[in-house]
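Novice: Sending over a structure as structure tokens; questions will come in a sec.
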Amino acid sequence: MTEPVTPVLREMRWWDIDAVLELERNLFPDDAWSRGMFWSELAHARGPGATRRYFVAQDGDRIAGYAGLAAAGDIADVQTIAVARDYWGSGLGGRLLTELLRAATAFECTEVMLECRVDNVRAQKLYERFGFEGIGFRRGYYQPGNVDALVMRLTDPATSVQGTEIRHG
């Protein structure tokens with residue numbers, strides 16, 4: 001019997017957009033990001049003035065997950081995290097979040113913010129395990145479904161990732 005292959009985390013590039021869009025539409029059919037949104041984010045992810053970091057989890061030829069972070073001053077925002085359903089419970093979401101928190105630390109951010117659908121309890125539990133706390137709500141944030149967002153904050157992302165190991169395959 002063969003060991004299951006662990007997806008390798010790497011920087012997201014423009015050639016990943018089609019696979020990421022397919023996963024995005026599957027997981028978030030009502031409020032999926034557009035191709036242009038991903039292009040725009042990746043346009044700010046390279047070079048000396050970069051303010052974004054995006055990662056994909058690649059398992060063979062397949063993208064099993066992705067995540068992105070935006071930094072402005074000393075505050076970072078988790079823009080997105082998604083994991084294919086057949087990888088739920090595998091720890092892949094935690095690996096992606098750890099990479100985002102490392103990126104926030106590299107950007108010298110002292111706080112990380114995010115919005116999470118109020119009905120996405122699975123994601124909320126992941127964020128809480130990393131030390132995020134709910135600080136408020138954004139009414140009707142997710143459109144067109146008019147779903148509220150729970151706003152969560154983590155102070156000192158460097159502390160949350162100390163001692164964590166990421167397997168990069």
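The values are calculated or read from the model by the stated rules, or taken from the named source; none is laboratory data. Everything numeric here is computed off the predicted structure, so don't read it as measured data. All Cβ positions, even for glycine, are placed from backbone atoms using ideal geometry, and neighbour counts span all protein chains on display. SASA here: full protein model, heavy atoms, side chains in, ligands and nucleic acids out. Shrake-Rupley method; radii C 1.70, N 1.55, O 1.52, S 1.80 Å.
Novice: How large is the charge dipole for segment 55-113, taken about the Cα centre, if only the Cβ atoms of Lys, Arg (+1) and Asp, Glu (-1) carry charge, to the nearest 20 debye? Before the final figure, lay out the partial values.
Specialist: On the way: 4 positive and 8 negative charges, 42 e Å.
The dipole magnitude comes to about 200 debye.
Novice: Candidates (i) 44, 41, 23; (ii) 57, 45, 26; (iii) 47, 37, 34; which is the computed Cα extents along the principal axes in Å?
Specialist: Of the listed options (i) 44, 41, 23; (ii) 57, 45, 26; (iii) 47, 37, 34, (iii) comes from this structure.
Novice: Specify whether the C-alpha gyration tensor of segment 1-66 places it in the rounded, prolate or oblate class, a ≥ b ≥ c being the square roots of the eigenvalues: rounded for a/c under 1.5, otherwise prolate if a/b is larger than b/c and oblate if not. Walk me through the numbers before you get to the answer.
Specialist: Details: a/c = 2.87, a/b = 1.35, b/c = 2.13.
Oblate shape, in that a/c is at least 1.5 and b/c is the bigger or equal ratio.
Novice: Solvent-accessible area per residue for the chain at a 1.4 Å probe radius, Å²?
Specialist: On the way: 9280 Å² over 169 residues.
Result: 55 Å² of accessible area for each residue.
Novice: Next up: Using r as the Cβ-Cβ distance of Ala72 and Glu11, and R0 as 22 Å, what FRET efficiency do you calculate, to the nearest 0.05? Mind showing how you got there, number by number?
Specialist: Values: r = 20 Å, r/R0 = 0.91.
The formula returns an efficiency of 0.65 here.
Novice: If you average the sequence gap of Cα pairs under 8 Å that are 6 or more apart and divide by the length of segment 79-169, what percent do you get for the contact order? Display every interim value, and only then the final one.
Specialist: Working: 110 pairs, mean separation 28.6, N = 91.
For segment 79-169, the relative contact order is 31 percent.
Novice: Go ahead and set up a Gaussian network model of the chain, Cα springs under 10 Å, then flag whichever of Asp148, Asp77, Asp30 fluctuates most.
Specialist: Asp30
Novice: Give the carbon-plus-sulfur fraction of the accessible surface of the chain in %, rounded to a whole number; probe 1.4 Å, heavy atoms of protein chains only. Write out the running numbers ahead of the final one.
Specialist: On the way: 4590 of 9280 Å².
Ligands and nucleic acids excluded, carbon and sulfur reach 49 percent.
Novice: If you average the sequence gap of Cα pairs under 8 Å that are 6 or more apart and divide by the length of the chain, what percent do you get for the contact order?
Specialist: Numbers: 296 pairs, mean separation 33.8, N = 169.
Rounded, it is 20 percent for the chain.
Novice: Show me the ranking of peptides 6-14, 134-142, 89-97 by mean Cβ neighbours inside 10 Å, starting with the highest.
Specialist: Details: 6-14: 16.8, 134-142: 13.1, 89-97: 19.7.
Result, highest mean Cβ count within 10 Å first: 89-97, 6-14, 134-142.
Novice: In addition: If you average the alpha carbon positions of segment 75-108 and of segment 37-65, how far apart do those two centres end up, in angstrom?
Specialist: 12
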